[in-house]
Amino acid sequence: MRTLENAMRRWGFHRVAGCDEVGRGCLAGPVVAGAVILDPDCYIPGLADSKAVPAAEREKLYGLITRKALAWAVASAEPTEIDAINIHRASLQAMRRAVLALAPLPDLVLVDAFRIPDLLIAQRGVLHGDARCSAIAAASIVAKVTRDREMQAHHNADPRYGFDRHKGYATAEHLAAVARHGYSALHRRSFKPQSSLFDTID
């Protein structure tokens with residue numbers, strides 16, 4: 001998975017960042033972006049798309065990444081921003097914030113699938129990047145663990161919706177909880193599913 005990053009370094013880019021986001025398809029909670037510059041001299045085994053890594057292993061990898069990376073950062077867009085500008089633009093904003101929070105800044109950013117607008121740093125969109133590029137995989141893991149921890153905290157504050165289990169995704173359990181309790185402040189109003197469960201929810 002480091003072939004692409006190594007090629008970019010041979011072309012003169014020394015600090016190659018990976019960037020990815022999680023939570024794009026959720027009904028509740030923020031979209032969270034991660035950005036990571038891996039140390040080329042410090043191999044981290046087991047990096048893969050965060051969706052393919054069990055939760056316990058993600059936690060271990062999060063610790064390794066945050067200790068051994070040259071730089072890492074996370075940033076988010078909250079539900080109110082998602083509703084105001086749409087999920088695609090909010091995801092790009094979160095990724096831009098994460099990249100610009102890196103210290104030092106990267107020479108090049110490899111982004112999962114998209115290009116980030118208004119980013120004055122060289123970048124390349126990589127289709128299925130979280131499965132093809134170790135820095136993007138690392139960014140997806142950092143973002144996923146950060147978001148999961150936040151959703152756990154929201155569950156602890158308000159356990160009615162089961163955020164600890166579905167993390168805001170549109171599971172049957174989540175839809176039933178919303179039908180029973182209505183929207184919380186954490187729910188995205190622009191993400192109302194086409195479901196009879198929501199007929200009475202404004």
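The values are calculated or read from the model by the stated rules, or taken from the named source; none is laboratory data. Keep in mind that what you see is a predicted model, and the values were worked out from it rather than measured. Because the Cβ atoms are built from the backbone with ideal geometry, glycine has one as well, and the counts that use them run over all protein chains shown. Please note that ligands, DNA and RNA were not included when accessible areas were found on the heavy atoms of the full protein model with its side chains. Shrake-Rupley method; radii C 1.70, N 1.55, O 1.52, S 1.80 Å.
Quick notes on this structure:
- Filter result for the condition that a residue is loosely packed, with under 14 Cβ neighbours inside 10 Å, part of a loop (DSSP other than H, G, I, E, B) and without any contact (Cβ under 8 Å) to a residue 24 or more places away in the chain, over Gly46, Gly25: Gly46
- With respect to the conditions (1) in a helix (DSSP H, G or I); (2) surrounded by 13 or more Cβ atoms within 10 Å (Cβ to Cβ), Ala153 lacks only one, and its number is (2).
- Some residue of segment 7-27 being in contact with a Ser or Thr (Cβ under 6 Å, 6 or more places away or on another chain), modelled with pLDDT under 95 and not basic (Lys, Arg): no
- Selected residue (only one of Ala77, Ala84 is under 27 Å from His187 (Cα atoms), surrounded by fewer than 16 Cβ atoms within 10 Å (Cβ to Cβ) and not polar (S, T, N, Q)): Ala84
- Counted residues, segment 156-189 - those being under 23 Å from Glu59 (Cα atoms) and open to solvent by 70 Å² or more (accessible area, probe 1.4 Å): 5
- Any chance Cys19 is within 26 Å of His174 (Cα to Cα) and crowded, with 24+ Cβ neighbours inside 10 Å: no
- Criterion violated by Glu59 - all others in (1) of a type in the set (D, E, K, R); (2) in contact (Cβ under 8 Å) with a residue 60 or more places away in the chain; (3) assigned to a loop (DSSP other than H, G, I, E, B) satisfied: (3)
- When every residue of segment 102-114 is checked against the conditions, none turns out to be surrounded by 20 or more Cβ atoms within 10 Å (Cβ to Cβ) and over 22 Å from Thr66 (Cβ atoms).
- Some residue of segment 137-145 being in contact (Cβ under 8 Å) with a residue 24 or more places away in the chain, of a type outside the set (A, V, I, L, M, F, W, C) and assigned to a helix (DSSP H, G or I): yes
- So Ser140, is it under 16 Å from the mean Cα position of the chain (by Cα), more than 19 Å from Glu5 (Cα to Cα) and of a type in the set (Ser, Thr, Tyr): no
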